[in-house]
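Notes follow once the structure below has been shown.
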Amino acid sequence: MKKLLVLGAGTAGTMIVNRLRRRLDAGEWDITIVDHDDVHPYQPGFLFLPFGILSNKQITHSRHSYLPDGVNFVIGDVDLVDAATNAVTLTDGRTLGYDYLVIASGTTPRPDQTPGMLGSEWHRSIFEFYTFEGAKALTKALEQFDHGRLVVHITDMPIKCPVAPLEFTFLADAWLRKRGLRDQVEIVYVTPLPGAFTKPIASKALGSMLDDRKVALESDFLVERIDVEKKALVSYDEREVPFDLLVTIPLNMGADFVARSGLGDDLNYVPVDKQTLQSKAHPNIFVVGDASDIPTSKAGSVAHFSVEIFEENFLNHIAGKAMTGAFDGHANCFIETGNGKGLLIDFNYDTEPLTGKFPLPVVGPMDLLKETRANHLGKLAFRWIYWNVLLRGRPIPISTHMSMVGKNPASANPTRPNATPAK
Amino acid sequence: MPVTTLNGHEIHVNEEGFLTDPTEWDEELAAALGAQIGITLTDEHWNAIRFLRKDFAETGETPTLRRVSTVGGIPIKQLFVMFPQKPAKKMAYIAGLPKPVGCV
């Protein structure tokens, strides 16, 4: 009996076992998946909790109900991967052997990594919304917030769902306006990036949306610490941004067991071939979802597209054939912009998010990088698709590889910045 | 990719002025690149630039600030003093390496 062991029953891990259980002979292959609990969160839903748009029930289900028959589900914390002996040890002492290992343990916000963040102001004036508990705590704080400085802050890149802090800002602006409080609140967006987003065209489009909403942008700001007395973010170059309410995206890091096992980089992400997702150090280890170091967004859409490539590659690999599929870094994200509207971006390793149309069967084309009601409805509809289609490993009519159909090429986008040296 | 000439060196650069071929780099060029962005290279700067070159040769990636700090041993705060405002970008520019992957 051959053993496939998957660490992490989140978006990527759940899709993988659903797909591979159908493809691998049950008489020949034992499949086991490990996670630390039995609660599967719909992570994009965390963004909506503080604004009362979604309820608790809509965003958490049990992990086991999304796992197919014929897959062993082990609840436990991973202590160590011993790649030399092909064995994984759990913190309770159990050992799980494997022939092939998939690391799908994701990335996690780590407020402990910034001095002052987890201090006396944590969950008093400092919040995050990337965990269920964090989003719930923030919900209460927002209810009581009626004036002052709201600072939305990214500690460092990369982060899971890099558009979420912008979405939070747009939603907060709309929410405050609706309550007649916007004039009493100053909103500041603080980022280590040179602009609102990573790539020029999207950064320009999203940056002007911050301007339209009178949100101040503090760019190139790398936080060193939080001054708890002054209630201010302090950067390495000694700039200070005071806040009354801070919504921060803490440093994101891969799982600690990755570091303990000597498999990670300085943020605990596992170095892989960016096209096959195979570990650079160990050919029988693959890393899918947010846990790897591939240079694209850490997002569910990326996990989904890459799982499709991984599935075929893995079947070839175990059959002793060459892996012919090559992941292109495809990401496709709805960006909620408030007032019942949203944007859509679609990009990959080589092509930045562009303007234009995104063709979709049945529902018709969606506008790229443009606020529309349809994009908002797409975002809301996606929750149903996630639970009922995506996790189950059923096909979605969106191409795995990014397509240029409908997109305006970068040269045709008038917003492209001029060539300037790194001043 | 555009070709430009700097201090008698013919170099290939991208639209932001970063070298696209790290082998066209040498230390003399680094001084000229530093001057382009108003930085006079001291021993301390060289320490960082040489770490970047060495790490890139080993890993194939431009190291992040975090890595220059944890592996290269130069505190991030110091990097901000030496290469004001945008240390990751400025170091890579002078070292003739691609911009570190800021990630999307």
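The values are calculated or read from the model by the stated rules, or taken from the named source; none is laboratory data. Here the structure is a predicted model, which is why all the values come from computation and not from measurement. Because the Cβ atoms are built from the backbone with ideal geometry, glycine has one as well, and the counts that use them run over all protein chains shown.
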Review point. Of everything in the stretch B:72-84 that's at the interface with chain A (Cβ under 7 Å from one of its Cβ atoms) and over 14 Å from the mean Cα position of the chain (by Cα), which residue is surrounded by the fewest Cβ atoms within 10 Å (Cβ to Cβ)?
Key: B:Lys77
Review point. Inside the stretch A:37-92, can you point out the residues that are in a loop (DSSP other than H, G, I, E, B) and among the acidic types (Asp, Glu)?
Key: A:Asp37, A:Asp38, A:Asp69, A:Asp77, A:Asp92
Point to revise | Hey, A:Val258 away from chain B (no Cβ under 12 Å), farther than 27 Å from B:Pro84 by Cα, modelled with pLDDT of 95 or more and not in a loop (DSSP other than H, G, I, E, B) or not | key: yes
Check your understanding: When residues of the stretch A:1-29 are filtered for being surrounded by 24 or more Cβ atoms within 10 Å (Cβ to Cβ) and not aliphatic (A, V, I, L, M), how many remain?
Key -> 4
Review point. Do the conditions hold for B:Gly96, that is, is it free of Cβ contacts under 8 Å to residues at least 12 places away in the same chain and either more than 10 Å from chain A (Cβ to nearest Cβ) or exposed (fewer than 14 other Cβ atoms within 10 Å of the Cβ) (or both)?
Key: no
Review point. Does A:Thr191 count as modelled with pLDDT of 95 or more, in the same structural domain as A:Thr155 (by TED's automatic domain parsing) and among the β-branched types (Val, Ile, Thr)?
Key: yes
Exercise for review: Filter the stretch A:285-312 down to the residues that are surrounded by fewer than 24 Cβ atoms within 10 Å (Cβ to Cβ) and among the acidic types (Asp, Glu), then identify the one that is nearest to the other protein chains (Cβ to nearest Cβ).
Suggested key: A:Asp293
Exercise for review: Would you point out which residue out of A:Pro395, A:Pro361, A:Pro353 is in contact with a strand residue (DSSP E or B) (Cβ under 7 Å, 6 or more places away or on another chain) and either part of a loop (DSSP other than H, G, I, E, B) or without any contact (Cβ under 8 Å) to a residue 60 or more places away in the chain (or both)?
Suggested key: A:Pro353
**Study point:** Residue check, A:Val163 crowded, with 23+ Cβ neighbours inside 10 Å, under 27 Å from A:Lys341 (Cα atoms) and in contact with a Cys (Cβ under 7 Å, 6 or more places away or on another chain)
**Key:** yes
**Study point:** Selection within the stretch A:261-284 - away from every other protein chain (no Cβ under 12 Å), among the polar types (S, T, N, Q) and either within 19 Å of A:Met157 (Cα to Cα) or not in a loop (DSSP other than H, G, I, E, B) (or both)
**Key:** A:Gln278, A:Ser279
Point to revise | Hits in the stretch A:313-330 - residues which are closer than 23 Å to A:Asp346 by Cβ and of a type in the set (Phe, Trp, Tyr) | key: A:Phe327
Practice item. Identify the residue in the stretch A:183-214 that is aliphatic (A, V, I, L, M), more than 14 Å from chain B (Cβ to nearest Cβ) and outside any helix (DSSP H, G or I) and, among all such residues, is farthest from A:Leu246 (Cα to Cα). Key: A:Val185
Check your understanding: In this structure, is B:Arg66 part of a helix (DSSP H, G or I), within 11 Å of chain A (Cβ to nearest Cβ) and either under 14 Å from B:Lys99 (Cα atoms) or free of Cβ contacts under 8 Å to residues at least 24 places away in the same chain (or both)?
Key -> yes
Check your understanding: Given the residues A:Gly180, A:Gly148, which is the only one that is at pLDDT 95 or above, more than 20 Å from A:Val241 (Cβ to Cβ) and surrounded by fewer than 18 Cβ atoms within 10 Å (Cβ to Cβ)?
Key -> A:Gly180
Review point. What about B:Ala35, is it closer than 13 Å to B:Leu97 by Cα, in a helix (DSSP H, G or I) and modelled with pLDDT of 90 or more?
Key: no
Exercise for review: Specify which of the listed residues (A:Leu118, A:Leu101) is modelled with pLDDT of 95 or more, assigned by TED's automatic domain parsing to the domain that holds A:Ile31, of a type outside the set (Asp, Glu) and in contact with a strand residue (DSSP E or B) (Cβ under 9 Å, 6 or more places away or on another chain).
Suggested key: A:Leu101
Practice item. Determine whether A:His282 is touching a residue at least 40 places away in the same chain (Cβ under 8 Å), farther than 18 Å from A:Asp82 by Cβ and not assigned by TED's automatic domain parsing to the domain that holds A:Tyr130. Key: no
Review point. Which numbered condition trips up B:Leu52, out of (1) more than 13 Å from every other protein chain (Cβ to nearest Cβ); (2) farther than 23 Å from A:Phe221 by Cβ; (3) not charged (D, E, K, R)?
Key: (2)
Practice item. Please state which of the following conditions B:Glu16 fails to meet, knowing it meets all the rest: (1) within 10 Å of chain A (Cβ to nearest Cβ); (2) assigned to a helix (DSSP H, G or I). Key: (2)
**Study point:** Options B:Thr23, B:Thr40; residue that is part of a loop (DSSP other than H, G, I, E, B) and away from chain A (no Cβ under 14 Å)
**Key:** B:Thr40
